[in-house]
Amino acid sequence: MSMVVVVAAVIVAEGRRVLAAQRAAPAALAGGWEFPGGKVDPGESEPEALVRECREELGVEVAVGAQVGGDWPLSQGYVLRVWLCSLASGVPEAREHLALRWLGPGEYYDVEWLGADLPIMKTVENLLEGD
Ligand code: 9L3
Ligand code: MG
């Protein structure tokens, strides 16, 4: 069985702020918060998918940095891979999400993260603390 790879961007801005996005769909996930991203298309590399998804979902260009961990568990048949990113141009807008929030230290758990994304936030918090 081949796994569907989903990529997500932890966009980090000055002040160790990270961008959280509130899902609009599907119903089971709507209202939950995630790191933006989506499925890798056939023939596309994972970093390419990350750049495309940030363009489509947020209207921004990102520069892809270091990968965060390896394969993060998602629902069956899906795997999540995550990269730190920085904003190269544009201001993020919620084109496909209900809302966006920049979360600084002390605010990282102020949103209701999806089950898949909460452990990623914990790992990112540790990474950014070490900066
Ligand atoms: N997903 C979970 N956390 C994330 C992302 C980007 C995606 N940070 C899950 C939600 C969907 C699936 O992966 O079930 C595919 O994502 P999308 O293509 O609907 O954004
Ligand atoms: Mg998406």
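The values are calculated or read from the model by the stated rules, or taken from the named source; none is laboratory data. What you are looking at is a predicted structure, and each value in this text was computed from that prediction instead of being measured. Cβ sites come from the backbone with ideal geometry, for glycine too, and all protein chains shown count toward neighbours. To get the accessible areas, we keep the full protein, side chains included, count just its heavy atoms, and leave off ligands, DNA and RNA. Shrake-Rupley method; radii C 1.70, N 1.55, O 1.52, S 1.80 Å.
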Only one of (1) free of Cβ contacts under 8 Å to residues at least 12 places away in the same chain; (2) open to solvent by 60 Å² or more (accessible area, probe 1.4 Å) fails for Gln67. Which number is that?
-> (1)
Would you please list the contacts, defined by Cβ atoms under 9 Å and residues six or more apart or on different chains, that run from a residue in segment 14-27 that is touching a residue at least 24 places away in the same chain (Cβ under 8 Å) and of a type in the set (D, E, K, R) to a residue that is part of a strand (DSSP E or B) and within 10 Å of ligand 1 (Cβ to nearest atom)?
-> Arg23/Trp33; Arg23/Glu34
Within segment 1-26, the residues that are surrounded by fewer than 17 Cβ atoms within 10 Å (Cβ to Cβ), touching a strand residue (DSSP E or B) at 6+ places or on another chain (Cβ under 7 Å) and not in a strand (DSSP E or B) are Met3
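For (1) of a type in the set (Lys, Arg); (2) closer than 13 Å to His97 by Cβ, each residue gets a yes or a no:
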position: Ala21; (1), (2): no, yes
position: Ala24; (1), (2): no, yes
position: Trp33; (1), (2): no, yes
position: Pro47; (1), (2): no, no
position: Leu50; (1), (2): no, no
position: Pro73; (1), (2): no, no
position: Gln76; (1), (2): no, no
position: Arg81; (1), (2): yes, no
Residue ID - least open to solvent (accessible area, probe 1.4 Å), chosen from residues in segment 27-39 that are more than 7 Å from ligand 1 (Cβ to nearest atom) and part of a loop (DSSP other than H, G, I, E, B) | Gly32
For segment 47-63, pairs from a residue that is under 11 Å from Phe35 (Cβ atoms) to a residue that is outside any helix (DSSP H, G or I) and open to solvent by 30 Å² or more (accessible area, probe 1.4 Å), with Cβ under 6 Å and 6 or more apart or across chains, are Leu50/Val64; Glu57/Arg95; Glu57/Glu96
Any idea how many residues of segment 91-111 are open to solvent by 50 Å² or more (accessible area, probe 1.4 Å) and of a type outside the set (Asp, Glu)?
-> 8
Of Pro42, Pro47, which residue is exposed (fewer than 14 other Cβ atoms within 10 Å of the Cβ) and over 23 Å from Val111 (Cβ atoms)?
-> Pro42
